[in-house]
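None of the figures in this text is laboratory data; all of them are computed from the coordinates on show. These numbers come from a predicted model, not from an experiment. Here the Cβ positions follow ideal geometry from the backbone for every residue, glycine too, while neighbour counts run over all protein chains shown.
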Ligand code: BTN
């Protein structure tokens, strides 16, 4: 059911009924020699991965589980702020589809009134100094409205818009936004999107606890820098943080 005329004009795609993880399949096809860019879509995942070792609930037929593989041509610089830019693209696609109140939480959570509606998981393959690829994994809660067993507050497009969503239309919109933002990021770097990202950061100016492993740091969110690192005021002194294992909570 997940196919859309026109989507293949944006990116070549492969659709599966069921996969462990679309990110894993993307890496497998890449290793088999499939030329990027390409998209992997699945109706469900049996081992969907979230950030920081979490499981991503991936029930059949309700949501979008997508991986987009792109080649990194400009080395490590092209990775700077990339995961934040993907969050921004997903947010804009949701907005264009009528969802209101949607915003971002550093580094790449997409939230509506504190509830998670989409998540982004980037995985890198190869050597950033040489040939490398990035697998952009995106999960969007589209028509999910049951109890689920998600351990954090969540919502879906259907719950927000109070109507059933055509996933084909949304996936097309999403891929247009992903392509648009990836091009802007590749051409001009994160610095060109920094202000737009901050304008949509729901926790700008908020008192937060930063959690990095066993470490807990109290601070106030100042924004993000030109490579997407979090700028935090800690005891009145600006500190910067980046890395996939870091998370934020409100104080
Ligand atoms: C998060 O923890 O917020 C990131 C969730 C990312 C989920 C998506 S669903 C498609 C892709 N395949 C996976 O296994 N994970 C990502």
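Can you give the convex hull volume of the alpha carbon atoms of the chain per residue, in Å³?
It is 125 Å³ per residue.
What is the pair-distance distribution P(r) of the stretch 44-187, computed from all Cα-Cα distances in 5 Å bins starting at 0, with each bin given as a whole percent?
Percent of Cα pairs in each bin: 2, 10, 20, 23, 20, 13, 7, 3, 1, 0.
Using only C-alpha atoms and all pairs of different ones, pull out the Kirkwood radius for the stretch 203-250 in Å with one decimal.
Result for the stretch 203-250 stands at 10.6 Å.
Given the Cα-Cα distance of residue 183 and residue 249 and 0.36 nm per residue of separation, how much length would full extension add, in nm?
Full extension from residue 183 to residue 249 adds 20.6 nm.
What is the stretch 7-198's relative contact order, in percent, from Cα pairs under 8 angstrom and six or more apart in sequence?
Relative CO of the stretch 7-198 lands at 22 percent.
How far, in nm, would the chain grow between residue 211 and residue 76 when pulled straight, counting 0.36 nm per residue and subtracting the alpha carbon separation?
Net length gain for the segment: 46.1 nm.
Between the stretch 206-247 and the stretch 122-163, what's the alpha-carbon centroid distance in Å?
Using only Cα atoms to place each centre, the spacing works out to 23 Å.
Per residue and in cubic angstrom, what volume does the convex hull of the Cα atoms of the stretch 1-129 have?
Spelled out: Cα convex hull of the stretch 1-129, divided by residues, is 128 Å³.
I'd like to compare 181-188, 28-35: which one has the highest average count of other Cβ atoms within 10 Å, and what's the full order after that?
Working: 181-188: 15.9, 28-35: 11.8.
In decreasing order of mean packing, 181-188, 28-35 become 181-188, 28-35.
Counting alpha carbon pairs within less than 8 Å and at least 6 residues apart, what relative contact order, in whole percent, applies to the stretch 127-166? Don't skip to the end; give the middle numbers.
Details: 24 pairs, mean separation 14.2, N = 40.
Relative contact order of the stretch 127-166: 35 percent.
What is the stretch 203-250's relative contact order, in percent, from Cα pairs under 8 angstrom and six or more apart in sequence?
Computed value for the stretch 203-250: 37 percent relative contact order.
So what is the diffusion coefficient of the stretch 33-74 in µm² per second by Stokes-Einstein at 20 °C and 1.002 mPa s, using a Kirkwood Rh over Cα pairs?
Numbers: Rh = 11.9 Å.
In µm²/s, the coefficient is 180.
Divide by every residue of the chain the summed helix terms, -39500 (n - 2.57) for each DSSP H run of at least 4, and state the resulting mean residue ellipticity at 222 nm, rounded to the nearest 500 deg cm²/dmol.
Value at 222 nm, helices only, nearest 500: -7500 deg cm²/dmol.
Please give the peptides 100-112, 236-248, 189-201 ranked by average Cβ packing (other Cβ atoms within 10 Å per residue), highest first, as a rough proxy for protection.
Ranking the peptides 100-112, 236-248, 189-201 by packing returns 100-112, 189-201, 236-248.
Would you please report the Å³ per residue occupied by the convex hull of the alpha carbon atoms in the stretch 140-251?
In the stretch 140-251, the Cα convex hull volume per residue is 139 Å³.
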